[in-house]
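Below you'll find the structure, written out as structure tokens, and then a few comments.
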Amino acid sequence: MGWTVEFHEKADKEFEKLTGSPKYFVAKAIRKVSQNPLPQSEGGYGKPLGNSQSSKLAGCLKINLRRIGIRIVYQLIRDDSIMKIVIISIRDDDEVYKEAESRLK
């Protein structure tokens, strides 16, 4: 069962700004994970995020593309089988998570 992928308005713009191979790898990762975006504890591909001092992202999951230095944070809307991409950004420690949290408010 594939999930429907939706983008936060800003995440959609971030994806469109990507060019060449980074865009290809991000699209490929999203396609793969959308086949089973559940947390790894439920047999899926998602790596769960939690709450920390700098951000509150419990219920969100992430995809790390270490090779190209990009992190994708997404949220699952289970009732509608929607995988909502919140942010696509460089792996810049807590900055990605702070921005993701602000977009979820």
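Laboratory data are not the source of any read-out in this text; all were calculated from the coordinates shown. The structure presented is a predicted model; accordingly, all values stated were derived computationally and were not measured. Note: ideal-geometry Cβ built from the backbone for every residue, glycine included; neighbour counts use all protein chains shown.
Over all other residues within a Cβ to Cβ distance under 11 Å of Ser21, the charged ones net out to +3, with Lys and Arg as +1 and Asp and Glu as -1.
The Cβ shell under 13 Å around Ser54 holds other residues with a net charge of -4, Lys and Arg each +1, Asp and Glu each -1.
Charge dipole (Cα centre; +1 on Lys/Arg Cβ, -1 on Asp/Glu Cβ; no other charges) of region 1-69 amounts to roughly 320 debye. Rounded to the nearest 0.05, the FRET efficiency derived from the C-beta distance between Arg67 and Asp94 at R0 = 25 Å is 0.70.
Which whole-number percent is the relative contact order of the chain (Cα, under 8 Å, 6+ apart)?
Details: 169 pairs, mean separation 28.5, N = 105.
Averaging sequence separation for qualifying contacts and normalising by length gives 27 percent for the chain.
Each of Asp80, Asp12 has some number of other Cβ atoms within 10 Å of its Cβ, and from fewest to most they run Asp80, Asp12.
The trypsin sites (Lys or Arg not before Pro) of region 37-102 meeting both criteria, a DSSP state outside H, G, I, E and B (loop) and at most 12 other C-beta atoms within 10 angstrom of the site's C-beta, are Arg66, Arg67.
Within the chain, no whole DSSP H helix has Cα atoms reaching 27 Å or more along its own axis together with a mean Kyte-Doolittle score of at least -1.0. Have a look at Ile85, Phe15, Ser54 and report the one farthest towards the positive end of the charge dipole of region 14-105, computed about the Cα centre with Cβ charges (Lys/Arg +1, Asp/Glu -1). The Cα lying farthest towards the positive end belongs to Phe15.
Gain in length, Gln40 to Lys10, computed as 0.36 nm per residue apart minus the alpha-carbon separation, to one decimal in nm?
On the way: separation 30, 0.36 × 30 = 10.80 nm, distance 2.66 nm.
So the extension gain works out to 8.1 nm.
I need the semi-axes of the equivalent ellipsoid of the chain: take the C-alpha gyration tensor, multiply each eigenvalue by 5, square-root it, list largest first in whole angstrom.
18, 18, 13
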